[in-house]
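Below: one structure, written as structure tokens.
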Amino acid sequence: MRIPIAGLVVSCLCVASTLAQTGSSAGSNTQEINARNANNVCRVYFSTPKPGMTQQYEAGRKKHMQFHRDQKDTWTWNTFAIETGDNAGTYVTSSCGHAWKDFDEWEARMGKADTADGATNLTPYVQGGRNGFYVYRSDMSLAPANQPPAPMTAVTVFVLHPGSGPDFIAAIKKVNDALGKQADWPKTSGWLQLVNGGEGPTFVLLSARKNWADFAPLPKTLADVLNDTYGKETADQIQKTVRDCTAQQFTEAAAYRADLSYVPGK
């Protein structure tokens with residue numbers, strides 16, 4: 001499901017060194033983190049249709065998903081439409097739950113035909129895009145990996161200062177420890193870490209939502225939960241660590257598009 005983009009520059013990061021940098025000081029060693037997330041690799045494609053060609057792009061995406069169906073592709077490809085923020089109008093198509101070696105097997109089996117079909121059905125309607133590899137950090141997440149897609153997702157992207165990964169992860173794990181003890185707090189959030197294909201360190205918080213009403217504030221704020229769990233002084237320090245580690249933060253909402261997705265057997 002690749003979309004050839006002229007001039008696309010992919011920033012190659014070493015996965016082992018990235019996880020070592022961001023994980024070794026967060027209470028788990030690199031081998032443990034890699035083992036826990038060995039089958040949590042995602043390939044994610046971002047595609048922005050040309051102005052006025054959204055309908056043509058969606059029709060092309062449907063044809064491309066039919067191609068996967070005809071080829072009896074064994075991978076699931078889920079598509080989401082970004083509805084808010086600077087990236088509104090962009091579509092995100094991803095396949096998760098893989099080991100790194102799986103991508104070699106898929107490329108040998110599907111790669112050339114996939115590229116050819118994408119060039120016919122997608123590329124003519126796309127003005128820009130990018131793609132990258134992410135790892136679902138189950139050691140940082142409240143929700144298990146490979147959950148069925150929610151109707152909507154609240155997305156928060158954290159671009160960190162270089163070298164701040166260990167402190168950021170340690171703070172997030174303290175936050176999760178507190179949230180995990182709250183019976184009425186939704187356990188639907190998960191973290192992706194960008195490991196290849198963009199500016200880093202970058203972490204993405206995904207929180208499942210049923211609908212827009214589900215975006216309403218909870219009875220307790222995160223600060224309330226941290227204060228109740230750790231006391232105000234420690235809670236303030238945890239929140240300060242997250243702020244100090246973060247160079248840039250932005251939010252968006254994405255809607256799941258089942259009609260633009262492919263699930264084997266359906």
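If I ask for residues that are among the small types (Gly, Ala, Ser) and part of a loop (DSSP other than H, G, I, E, B), which ones from the range 23-82 would you list? If the condition is that a residue be among the small types (Gly, Ala, Ser) and part of a loop (DSSP other than H, G, I, E, B), then Ser24, Ser25, Ala26, Gly27, Ser28, Ala38, Gly52 are the ones that fit.
A residue that is in a helix (DSSP H, G or I) and not hydrophobic (A, V, I, L, M, F, W, C) occurs somewhere in the range 129-138. Within the range 185-202, track down each residue that is assigned to a loop (DSSP other than H, G, I, E, B) and either more than 17 Å from Ser141 (Cα to Cα) or in contact with a Ser or Thr (Cβ under 8 Å, 6 or more places away or on another chain) (or both). Matches in the range 185-202: Pro186, Thr188, Gly197, Gly198, Glu199, Gly200, Pro201. Which of the residues belonging to the range 158-181 are part of a strand (DSSP E or B) and touching a Leu at 6+ places or on another chain (Cβ under 8 Å)? Phe158, the sole residue that qualifies.
This table checks each residue for (1) buried (at least 20 other Cβ atoms within 10 Å of the Cβ); (2) not aromatic (Phe, Trp, Tyr).
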site: Gly128; (1), (2): no, yes
site: Tyr134; (1), (2): yes, no
site: Ser138; (1), (2): no, yes
site: Leu142; (1), (2): no, yes
site: Asn146; (1), (2): no, yes
site: Pro151; (1), (2): no, yes
site: Thr156; (1), (2): no, yes
site: Leu160; (1), (2): yes, yes
site: Gly165; (1), (2): yes, yes
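Within the range 98-126, the residues that satisfy the criterion of being open to solvent by less than 20 Å² (accessible area, probe 1.4 Å) and not in a strand (DSSP E or B) are Ala99, Trp106, Met110, Gly111, Asp114, Gly118, Leu122. Report, by residue number, each residue of the range 203-236 that is in a strand (DSSP E or B) and open to solvent by 30 Å² or more (accessible area, probe 1.4 Å). Matches in the range 203-236: Leu205, Leu206, Ala208, Arg209. Among the residues making up the range 223-249, those that are of a type in the set (A, V, I, L, M, F, W, C), touching a Phe, Trp or Tyr at 6+ places or on another chain (Cβ under 9 Å) and within 23 Å of His161 (Cα to Cα) are Ile238, Val242, Cys245, Ala247.
Within the option set Val225, Val135, Val242, being among the β-branched types (Val, Ile, Thr), touching a residue at least 60 places away in the same chain (Cβ under 8 Å) and over 20 Å from Asn34 (Cβ atoms) holds for one residue only, Val242.
The values are calculated or read from the model by the stated rules, or taken from the named source; none is laboratory data. Just so you know, these numbers come straight off a predicted model, no measurement behind them. Cβ atoms come from the backbone with ideal geometry, glycine included; neighbour counts cover every protein chain shown. Accessible surface is based on the protein model in full, side chains and every heavy atom, while ligands, DNA and RNA are left aside. Shrake-Rupley method; radii C 1.70, N 1.55, O 1.52, S 1.80 Å.
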